[in-house]
Amino acid sequence: MARKRKLRTNRGNVAVLGGLFMAAFTGCIMLNASAELIEDGSPLDLDSTHSYSIVTSYDGVDANGIASNNTRQANLFSDRILVTNQVPRGMSFEKFGETIIADQCEGKVVDLNYDDTSRTVSYAVEGLQAGCEISVDVIVRTPKDVEDDKTKAQDLRRDFYIQAEATENGITSARSNLVHNYIGNDVVPLYKVSYELTGDIPYGAPKLPEQTRHTKGALVEIAPNPYIPGYSFSGWSAGEIPEGTESFAMPANDVTLTGTFVKNTERPYYKVTYHISGNIPENYLAPATKTVAAGTLFRLEQRTPDYAPADYGFSGWMTSDAAVDGDSFVMPEHDVEIVGGFYQKNPVEETQKIGRAQKYSVTYKPNLPAECKDYHTGPAQKSYLAGEAVRISDNKPICDGYTFKGWQFDASAKVKYINDDYFEMPSEDISLRAVWSKYGVQIR
């Protein structure tokens, strides 16, 4: 089991945080005491072990309006965050060092792995509590010589760049700071390698790779091609460096690599599947899976309520994979799962019927983080009869810099869930709050 101690941090003093630490780590190797800590811009010794920490942080605002920071935790936990880091060419991976989390924080690191073919360190962070950070030390070794046997130049210096990326559930990604180190002569001229997008730049285009600097003759590895659904990328190129090239020898001048996105003309096809959550009436058959072209208007199956027995009601179809408008949506460029649910009707006494005539309101509160730059598309307040099946809004508001995690009831609300998406309206006004989160990754 990994040692627990206070995390090295630059977010202010380490806080005394509430909660219990539940993580168990397997195969964790303690940090080699002889390894020297890598610092940005510093020269490194030849044939020596060095270490750096990949730090994953998680922050957010929970349903009770508690915002996490460096002195406070929120009742909010990360999903699976995949962290990757490519060890710079020329350095060799030695082993993983210590995994560190602040005392009494929750979260764990799993699936530590190193792929020698791609030189990629990877692992996953799960259940990290908002207001906490977790770090994994990576120990590497510098080469024995400054000269690179893959170049024809008489090398006097070699530069290394360390950066990590993190992706939560494969949806959005965060890129860490870029740490630069070198071995050899510190007065050799350096030339810049930059990246630039040309032509029409699609919405959602990823951030450009950061600028690096190299000596003449150094072998420069070109950044991977970016990806946007529905577009093809030309590849990075510059002058005599053709598209599709993975590396090049650095000339004695700055290089700007350019690339272009081109919208795909063919519409790819994706699947629409139906799924029932919760109780399923006997002899019920879900609608068949459909194959639909992206960009096509797709109408939801409307026959389902007719198949429900007399003592069941159908709560309707919903999905978080597409923007439903009424009974249809435009097919996105990925598979879509449609979820529905049945609820059992209960006999209602006449006295209860009288009470149900009154309507009560459901209010959605934005619960915005203090750093939120802008806010869009919050659902409007609606009223329902007591006992009515209410579908929780699938509206996904936008708060720049944060990810919307869902709507949650105020702690004081007493509601009966029908399934994950529906609840029975109580005899009182109720409200739901937006839950927000963000994560980051940093090299220290």
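The values are calculated or read from the model by the stated rules, or taken from the named source; none is laboratory data. Values in this document were obtained by computation on a predicted structure and should not be read as measured data. Glycine gets a Cβ as well: all are built from the backbone with ideal geometry, and neighbour counts include every protein chain shown.
For the reader, a short list of remarks on this structure follows.
- Annotation: of all residues in segment 226-249 being under 26 Å from Pro332 (Cβ atoms) and loosely packed, with under 14 Cβ neighbours inside 10 Å, the one that is modelled with the lowest pLDDT is Pro229.
- Within segment 258-283, the only residue that satisfies the criterion of being modelled with pLDDT of 75 or more and among the small types (Gly, Ala, Ser) is Gly259.
- Residue among Asp145, Asp111, Asp103 that is free of Cβ contacts under 8 Å to residues at least 24 places away in the same chain and surrounded by fewer than 19 Cβ atoms within 10 Å (Cβ to Cβ): Asp111
- Checked across segment 286-300, the condition of being without any contact (Cβ under 8 Å) to a residue 60 or more places away in the chain, surrounded by 13 or more Cβ atoms within 10 Å (Cβ to Cβ) and either of a type in the set (Phe, Trp, Tyr) or within 30 Å of Gln154 (Cα to Cα) (or both) holds for at least one residue.
- Residue ranges of strands (runs of 3 or more DSSP E) in segment 362-424 with at least 1 members more than 22 Å from Asn64 (Cβ to Cβ): 382-385, 389-391, 422-424
- If the condition is being aromatic (Phe, Trp, Tyr) and over 30 Å from Glu210 (Cα atoms), then segment 226-283 contributes Tyr269, Tyr270, Tyr274.
- Considering (1) more than 28 Å from Gly184 (Cβ to Cβ); (2) in contact with a Lys or Arg (Cβ under 8 Å, 6 or more places away or on another chain), the lone condition that Asp111 does not fulfil carries the number (2).
- Selection count where residues are assigned to a loop (DSSP other than H, G, I, E, B) and surrounded by fewer than 19 Cβ atoms within 10 Å (Cβ to Cβ), scope segment 66-89: 6
- Scan of segment 390-427 for residues that are more than 19 Å from the chain's Cα centre (by Cα), within 23 Å of Asp79 (Cα to Cα), at pLDDT below 80 and of a type in the set (A, V, I, L, M, F, W, C), ordered by number: Ala411
- One residue from Ala310, Ala288 being at pLDDT 80 or above and either of a type in the set (Asp, Glu) or not in a strand (DSSP E or B) (or both): Ala288
Yes or no, residue by residue, for (1) among the polar types (S, T, N, Q); (2) in contact with a strand residue (DSSP E or B) (Cβ under 8 Å, 6 or more places away or on another chain); (3) closer than 24 Å to Pro43 by Cβ; (4) modelled with pLDDT under 95:
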{"site": "Asp155", "(1), (2), (3), (4)": "no, yes, yes, yes"}
{"site": "Glu168", "(1), (2), (3), (4)": "no, yes, no, yes"}
{"site": "Ser173", "(1), (2), (3), (4)": "yes, yes, no, yes"}
{"site": "Gln211", "(1), (2), (3), (4)": "yes, yes, yes, no"}
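- Complete set of residues in segment 250-273 that are crowded, with 16+ Cβ neighbours inside 10 Å, of a type outside the set (Ser, Thr, Tyr) and in a strand (DSSP E or B): Val255, Leu257, Gly259, Phe261, Val272
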